[in-house]
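Here the structure is laid out as structure tokens; the discussion comes afterwards.
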């Protein structure tokens with residue numbers, strides 16, 4: 001798939017707490033489009049983003065800038081899986097291919113709560129994609145991110161080929177002494193890492209969930225939470241590991257099933273809500289799931 005000129009879509013949103021729940025201001029430029037917001041649990045603003053171009057090609061860029069004002073809560077998701085089309089070897093002018101890129105910047109104020117839960121990212125053969133997610137939040141702010149990537153359309157017996165996926169996730173806390181790093185997570189997966197026994201060993205699905213909690217978790221409660229999360233892996237296939245952050249947790253999935261990755265991450269999502277005494281989440285209406293991962 002080719003276009004003469006690449007897209008550079010932008011989305012700039014501000015969220016604030018209102019008397020009837022959190023609300024948003026701002027907008028998007030093509031090919032991004034805001035869908036109808038809904039009021040979710042605990043007065044949360046639940047907002048789906050639509051990518052109207054049908055997928056990313058080499059050179060396309062997406063920039064999402066989010067600001068959460070004091071006391072606001074929001075959940076951002078995508079209307080469909082994001083596709084990234086092959087670029088390497090598709091153009092005589094640029095035979096080495098061109099990178100599609102996405103950058104998400106989030107600034108959270110006091111007592112805010114951001115859940116960034118896009119649907120699956122699918123890289124076609126020979127696709128080049130780089131994503132950056134950078135979050136700054138206060139000590140009493142909460143940030144949850146769950147992202148799943150499929151490297152090659154395996155249902156069509158396709159591999160990543162000469163493609164590459166790069167990801168950079170950076171989380172900083174605002175403290176009385178200045179900014180403190182909560183997490184710096186940089187990954188690159190190409191054909192060698194996908195196939196290697198010390199890499200993904202031909203498992204085409206990879207995912208990461210991160211929760212930066214709004215308060216320190218006591219050791220006993222943290223251990224109980226991790227034990228519950230490990231129990232949530234039952235009957236799911238793949239390699240699933242979890243560990244702690246200075247104030248939160250991180251979980252990884254690798255395997256063959258984006259469905260099982262989504263199920264495990266959804267259960268962890270529910271655990272993080274429970275740890276804050278918030279209402280249990282409901283699966284967004286735009287997710288095309290035939291089963292409810294939150295039901296045993």
*Where is the GNM fluctuation largest for the chain (alpha-carbon springs, 10 angstrom cutoff): 55, 18, 207?*
18
*Calculate how steeply helix 219-231 sits against the longest principal axis of the alpha-carbon atoms of the chain, using the helix alpha-carbon long axis, and give the answer as 0 to 90 degrees to the nearest 10.*
40 degrees
_How much of the DSSP bridge set in the chain is antiparallel, in percent, rounded to the nearest 5?_
45 percent
*asked:* Is the C-alpha gyration tensor of segment 12-275 telling us rounded, prolate or oblate? Criteria: a/c under 1.5 is rounded; beyond that, a/b larger than b/c is prolate, otherwise oblate.
replied: oblate
*Stretch residue 35-residue 10 to full length: gain in nm at 0.36 nm per residue minus the Cα-Cα span?*
7.5 nm
*Tell me, in nm to one decimal, what length is gained between residue 181 and residue 274 on full extension, where the rule is 0.36 nm per residue of separation less the Cα-Cα distance?*
30.9 nm
*Kindly express, to the nearest 10 degrees and within the range 0 to 90, the angle between helix 258-275's C-alpha long axis and the longest C-alpha principal axis of the chain.*
20 degrees
*Using a Gaussian network for the chain with springs between C-alpha atoms less than 10 Å apart, which of these wobbles most: 186, 73, 259?*
186
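No value in this document is a laboratory result; all are computed from the given coordinates. These numbers were taken from a predicted model, which means no experiment stands behind them.
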